[in-house]
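Working notes, structure below.
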Amino acid sequence: MKTLLLMRHAKSSWKDDKLSDLERPLKKRGKKDTKRIAKVIKENNLVPDVIISSPAVRTLETVKILKKDLEFDGKEIVADNLYMGEPQAFIDTLKGVNNKHNTVLVVAHNPGLEAYLQMIGGEIEAVPTAGLGYLVLVLEDWKDISLETMGELVGFWKPKDLREEKE
């Protein structure tokens, strides 16, 4: 059994129209939402062994906050193919994960992340920014993952719901 956490990057800023999509940073709200999701990860004992992200600034900033708040000292991988990647890009990336890693967190983008989460878990309608899906996969080795690999969606968190709980 393997644990896969799929997270959409946190809310990004469109303030500077000179920046390319790849260069857009997080908004203040995105930073706060990432901290909320980090707390959920900790509370559910889901700190990953490895974090994989796209090279976009907003995903790298999301990961930086997660690493700090989770006191993460594991492996971090930047996978270029996850920037606007389709579900097959997630498969290709996960196939390369060392099998000693049982819990993997992928931070990426819609629509590919949402499509992959829907394929593998089957229950999600939409993944908002900083949304996190927690899946358990019937998988012994990451190299065996495919588009046919199914998982059980054990948890799904939206920052908006976490903000409302606090209030």
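Could you tell me which of the pairs LYS32/LYS100; LYS100/LYS160; LYS18/LYS75; LYS11/LYS39 are separated by over 28 angstrom between their Cα atoms in the structure shown?
From the list (LYS32/LYS100; LYS100/LYS160; LYS18/LYS75; LYS11/LYS39), the Cα-Cα distance tops 28 Å for LYS32/LYS100; LYS100/LYS160; LYS18/LYS75.
With charges only on Cβ, +1 for K and R and -1 for D and E, what is the dipole size of segment 2-166 about its Cα centre, in debye, rounded to 20?
On the way: 27 positive and 26 negative charges, 213 e Å.
With only Lys, Arg, Asp and Glu charged at Cβ, the dipole is about 1020 debye.
Please enumerate, by chain and number, the aspartates and glutamates with C-alpha under 15 Å from the C-alpha of LYS27, excluding those fewer than 8 residues away in the same chain.
Cross-link targets: ASP16, ASP17, GLU61.
Could you list ARG58, ARG29 in order of exposure, starting from the residue whose Cβ has the fewest other Cβ atoms within 10 Å?
ARG29, ARG58
With a 10 Å Cβ neighbour count serving as the proxy for reagent exposure, in which order, fewest first, do SER53, SER13, SER20 appear?
SER20, SER13, SER53
Cut-off 10 angstrom, C-alpha nodes, Gaussian network model of the chain. Which of LEU147, LEU26, LEU132 fluctuates the most?
Greatest mean-square fluctuation among the candidates belongs to LEU147.
Fewest first, what order do TYR116, TYR83 take by the number of other Cβ atoms within 10 Å? Kindly include the intermediate steps, with their values, before the conclusion.
Details: TYR116 25, TYR83 18.
By the 10 Å Cβ count, ascending: TYR83, TYR116.
Choose one answer from ASN44, ASN81, ASN102: the residue with the largest mean-square fluctuation in a GNM of the chain with alpha-carbon springs under 10 Å.
Top of the fluctuation ranking is ASN44.
Using +1 at the Cβ of each Lys and Arg and -1 at the Cβ of each Asp and Glu in the chain, identify which of MET1, LEU113, GLY30 lies farthest towards the dipole's positive end.
Value: GLY30.
If the elastic network links every pair of Cα atoms under 10 Å, which of LYS95, LYS32, LYS18 fluctuates the most in the Gaussian network model of the chain?
Answer for the Gaussian network model of the chain: LYS18.
Would you work out the relative contact order for the chain, in percent, from Cα pairs under 8 angstrom that are 6 or more residues apart?
It rounds to 31 percent for the chain.
Taking the Cβ of ALA108 as the center, what net charge do the other residues with Cβ under 13 Å away carry, scoring Lys and Arg +1 and Asp and Glu -1?
-2
Pick out the long, greasy-scoring helices in the chain: whole DSSP H runs spanning 30 Å or more along their own axis by Cα, mean Kyte-Doolittle at least 0.0.
Sorted by number, there is nothing, because no helix extends far enough and scores high enough.
Between SER146 and ALA126, what FRET efficiency follows from the Cβ-Cβ distance if R0 is 30 Å, with the result rounded to 0.05? Intermediate values should be presented prior to the final figure.
Working: r = 25 Å, r/R0 = 0.82.
After rounding, the FRET efficiency stands at 0.75.
Throughout, read-outs are computed from the coordinates displayed, never taken from laboratory work. Being a predicted model, the structure only gives us computed values, none of them experimental. Note that we place each Cβ from the backbone using ideal geometry, even for glycine, and neighbour counts take in every protein chain shown.
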